[in-house]
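Have a look at the structure below, then the notes.
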Amino acid sequence: MKVFETAAGQRRALLALPMPAVPVLGRADVGYWSITTLDGSGRLADRSPVRVLGWTAGQRLSASIHAAVGCVSPADNGRLAVAAHGHVRLPAAMRHTLGLACGDRVLVVGRLEQNVLIVYPLRIVASLLAAFEASAGVNLQP
């Protein structure tokens, strides 16, 4: 179990998950990537992934958590909606479960083929990169 501190200074415990093999994706499979900030109400500051996915204001969305990342996708009966200006707000329960607070930055990936927005806390991204660097023998020392 790892303990980390959120941007708000709160301490959170995170269970270490097994590291999956990193798949080699074809160019068409990488989707659209953006690093953005969360505001106090869970709004993703960058609207570009929503535009790339073709989602429009008022479109109903569903949110879920899979393997320590958030997933947002269109759903006719979704409890969320794309805001008038094209923003997506992550529900409070998702933010709390993922250990996200106001001002935290996240990697947002729009998977075009699956029509889904995936939200990766940066600590997950850093952990994956560290595991890849270690397995690939990357030496960051000059």
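Go through segment 40-66 and give me each residue that's part of a strand (DSSP E or B), touching a residue at least 40 places away in the same chain (Cβ under 8 Å) and surrounded by fewer than 20 Cβ atoms within 10 Å (Cβ to Cβ). Outline the logic, then answer.
First pass over segment 40-66, keeping only residues part of a strand (DSSP E or B): 43-44, 60-66.
Subset that is touching a residue at least 40 places away in the same chain (Cβ under 8 Å): 43-44.
Answer for segment 40-66, where residues must be part of a strand (DSSP E or B), touching a residue at least 40 places away in the same chain (Cβ under 8 Å) and surrounded by fewer than 20 Cβ atoms within 10 Å (Cβ to Cβ): just 43.
Just for segment 30-80: of the residues that are aromatic (Phe, Trp, Tyr) and farther than 19 Å from residue 104 by Cα, which one is modelled with the highest pLDDT?
Let us first name the residues in segment 30-80 that are aromatic (Phe, Trp, Tyr), namely 32-33, 55.
Okay, now just the ones that are also farther than 19 Å from residue 104 by Cα, so 32, 55.
Working: 32: 93, 55: 97.
Top of the filtered list is 55.
Take the conditions part of a strand (DSSP E or B), under 14 Å from the mean Cα position of the chain (by Cα), surrounded by 17 or more Cβ atoms within 10 Å (Cβ to Cβ) and touching a residue at least 60 places away in the same chain (Cβ under 8 Å) and apply them to residue 70. Does it pass? Can you show your working first?
Values: part of a strand (DSSP E or B): yes; under 14 Å from the mean Cα position of the chain (by Cα): yes; surrounded by 17 or more Cβ atoms within 10 Å (Cβ to Cβ): yes; touching a residue at least 60 places away in the same chain (Cβ under 8 Å): no.
Considered against the rule, which asks whether it is part of a strand (DSSP E or B), under 14 Å from the mean Cα position of the chain (by Cα), surrounded by 17 or more Cβ atoms within 10 Å (Cβ to Cβ) and touching a residue at least 60 places away in the same chain (Cβ under 8 Å), residue 70 comes out as no.
Just one of the numbered conditions (1) more than 19 Å from residue 63 (Cβ to Cβ); (2) without any contact (Cβ under 8 Å) to a residue 24 or more places away in the chain; (3) of a type outside the set (D, E, K, R) is not true of residue 131; which one?
(2)
Can you name the condition, by its number, that residue 80 falls short on among (1) farther than 18 Å from residue 45 by Cα; (2) without any contact (Cβ under 8 Å) to a residue 24 or more places away in the chain; (3) crowded, with 17+ Cβ neighbours inside 10 Å?
(1)
Sort out which residues of segment 96-123 are surrounded by fewer than 16 Cβ atoms within 10 Å (Cβ to Cβ), in a helix (DSSP H, G or I) and hydrophobic (A, V, I, L, M, F, W, C), and write them in order of number.
Listed by number, the list holds a single entry, 122.
Assess whether residue 93 counts as being outside any loop (DSSP other than H, G, I, E, B) and out of contact with any strand residue (DSSP E or B) (no Cβ under 8 Å at 6 or more places or on another chain).
Numbers: outside any loop (DSSP other than H, G, I, E, B): yes; out of contact with any strand residue (DSSP E or B) (no Cβ under 8 Å at 6 or more places or on another chain): yes.
Against the criterion (outside any loop (DSSP other than H, G, I, E, B) and out of contact with any strand residue (DSSP E or B) (no Cβ under 8 Å at 6 or more places or on another chain)), residue 93 qualifies.
Being among the basic types (Lys, Arg) and under 11 Å from residue 119 (Cα atoms) is the filter here; which residues of segment 55-109 pass it? Outline the logic, then answer.
Kept after step one, since they are among the basic types (Lys, Arg), are these residues of segment 55-109: 60, 79, 89, 95, 105.
95, 105 - these are the residues of segment 55-109 that are among the basic types (Lys, Arg) and under 11 Å from residue 119 (Cα atoms).
Using the structure shown, decide if residue 108 is within 13 Å of the chain's Cα centre (by Cα), closer than 14 Å to residue 60 by Cβ and at pLDDT 95 or above.
Values: within 13 Å of the chain's Cα centre (by Cα): yes; closer than 14 Å to residue 60 by Cβ: no; at pLDDT 95 or above: yes.
It is false that residue 108 is within 13 Å of the chain's Cα centre (by Cα), closer than 14 Å to residue 60 by Cβ and at pLDDT 95 or above.
The values are calculated or read from the model by the stated rules, or taken from the named source; none is laboratory data. All values derive from a computational prediction rather than experimental measurement. All Cβ positions, even for glycine, are placed from backbone atoms using ideal geometry, and neighbour counts span all protein chains on display.
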